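Each reported figure results from applying straightforward, stated rules to the coordinates on display, with no laboratory input. Since the model is a prediction, treat every value here as computed from it, not as a measurement. FYI the Cβ positions are ideal-geometry reconstructions off the backbone, even for glycines, and counts take in every protein chain you see.
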Amino acid sequence: MTTRRDFLTRMGSAIAAPAVLPLVGCGGQEEDVAPAADADASVSAGIDTPISVQLYSVRNEIDMDLAGTLRAVREAGFDRVETYNMNDMPAADLRVLLDDAGLSVGSMHASYERVAGDIGAVAEDAHTLGSPWVAVAWIPHEGDFDVDDIDRAIADFTAAGEVLKSEGLRFAYHCHGYEFREAEGGGTLFDRFMENTEPGVVDVEMDVFWVKWPGADPVALIEKYPGRFPLYHMKDMREGTELGDLSGHAPLETNVPVGMGMIDFPAIVQAAEAQGVEEYIIEYEHTDALISIQQSLEYLKSLEV
């Protein structure tokens with residue numbers, strides 16, 4: 001298996017002079033620059049599992065030029081994406097732009113409020129986008145996340161998951177770190193969630209950054225709940241970052257491209273592959289997103305499993 005040191009050595013010159021992607025200028029026009037080389041041509045094919053990118057990574061570029069950014073994502077080597085909450089854009093309009101860019105949708109994010117309040121409309125959007133998965137990334141709560149919050153989510157997600165299953169769709173909750181607060185009687189609120197939801201009705205999209213941030217161990221969690229994590233958000237954390245935060249919030253500068261930080265991705269991939277992972281989804285929330293997601297893709301594809 002490729003080690004982080006091997007990859008960093010190979011990528012050193014690329015980081016110093018990154019591949020040029022079609023970037024969006026302030027005037028909303030694509031700059032006249034050379035396209036990046038196809039990422040697939042320069043990396044090994046160790047991972048057969050699909051690798052997509054969460055479009056939230058390029059939200060700033062999308063705000064300037066949606067169509068151009070989608071084309072740039074394709075140029076970076078991706079053919080699959082995960083959508084985020086773009087409530088002001090009809091799903092049919094987004095589907096046209098995705099098709100034009102040569103991108104398919106592996107999963108879509110929807111807000112808790114929409115999933116709990118209008119799951120029929122959410123299912124319709126998923127069908128329109130061609131997305132097999134609907135995921136929720138945040139459970140609304142006031143103050144510290146508590147047992148009432150998790151129990152409410154268990155009930156709402158179970159109801160939504162059953163509707164989506166009847167529609168031939170699947171539901172996942174994207175964990176966000178605050179669920180690892182200790183629960184009365186032992187374990188964590190995340191354990192309570194897992195013990196009171198049904199696989200196939202409510203699954204979990206593991207964000208490895210948000211598992212690590214409060215101090216939990218992604219590999220231990222995969223082994224504790226085998227088969228419960230079909231989707232993975234692959235997001236790395238800067239070396240030396242202090243852990244133990246239960247807020248569900250982190251400074252953007254703690255994000256680094258996958259393989260450049262402190263998270264043990266070879267071990268995570270090995271554990272995930274053993275448990276039937278269905279998709280890896282790269283996410284990067286800091287600046288220089290188009291370059292960073294391409295570097296992240298190259299790193300993940302360099303891992304041998």
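Observations, loosely collected:
- For segment 4-302, the normalised intensity computed at q = 0.11, 0.12 Å⁻¹ comes to -0.65, -0.78 (log10 of I(q)/I(0), Debye sum over alpha carbons, equal scatterers, no solvent).
- Histogram of C-alpha separations across segment 135-204, 5 Å bin width, %: 3, 17, 30, 25, 14, 7, 3, 1
- When segment 161-305 is reduced to its Cα atoms, the Kirkwood hydrodynamic radius in Å: 15.8
- Average silhouette area of segment 43-165, convex hull of alpha-carbon atoms, in square nanometres: 9.4
- The GluC sites (Glu not before Pro) found in segment 234-280 that occupy coil by DSSP, while having at most 12 further C-beta atoms within 10 Å, are 239, 242.
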